[in-house]
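What follows is a set of notes on a single structure, which appears directly below.
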Amino acid sequence: MSLTLSDVKRIANLAQLDMDEAHAEIALNELNGIFALAEQMRAIDTTGVAPLSQPLAAVRDLPLRLRDDVVTEEN
């Protein structure tokens, strides 16, 4: 999926952003780069890979450093 310059201008209009032509072209390149990255990530085969609740869940022997839940600042 890729956006066109008119798509970016329409999005800017819906977001009530005042965007000139130069900024619209920069935004177009950045948004299309994000969509290209998402497509690359979608192409990766993840069958058999269990989802993680957090990134450190993959490391089993790593103890989590937790602090005591105490008030440190007064209102």
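Things to note:
- Ordering Thr4, Gly33, Ile44 by the projection of their Cα atoms onto the charge dipole of the chain, which places +1 on the Cβ of Lys and Arg and -1 on the Cβ of Asp and Glu, puts Ile44 at the extreme positive end.
- The label point for Asp45 and the one for Arg67, both projected 7 Å from the Cα toward the Cβ, are 4.5 nm apart.
- Alpha-carbon geometry of the chain: the Rg and the Dmax are 21.5, 53 Å, given in that order.
- Accessible surface calculations at 1.4 Å, restricted to protein heavy atoms, place the stretch 28-73 at 103 Å² per residue.
- Computed extension gain for Glu25 through Asp7, at 0.36 nm per residue and net of the alpha carbon distance, reaches 5.4 nm.
- Computed [θ] at 222 nm, deg cm²/dmol, the chain (DSSP H ≥ 4; -39,500 (n - 2.57); rounded to nearest 500): -14000 deg cm²/dmol
- Computed from Cα positions, the angle between helix 21-42 and the longest principal axis of the chain comes to roughly 50 degrees.
- Taking the average, over residues, of other Cβ atoms within 10 Å as the packing measure, peptides 46-54, 5-13, 66-74, 17-25 rank 5-13, 17-25, 46-54, 66-74 from highest down.
The values are calculated or read from the model by the stated rules, or taken from the named source; none is laboratory data. Being a predicted model, the structure only gives us computed values, none of them experimental. Cβ atoms come from the backbone with ideal geometry, glycine included; neighbour counts cover every protein chain shown. Accessible surface is based on the protein model in full, side chains and every heavy atom, while ligands, DNA and RNA are left aside. Shrake-Rupley method; radii C 1.70, N 1.55, O 1.52, S 1.80 Å.
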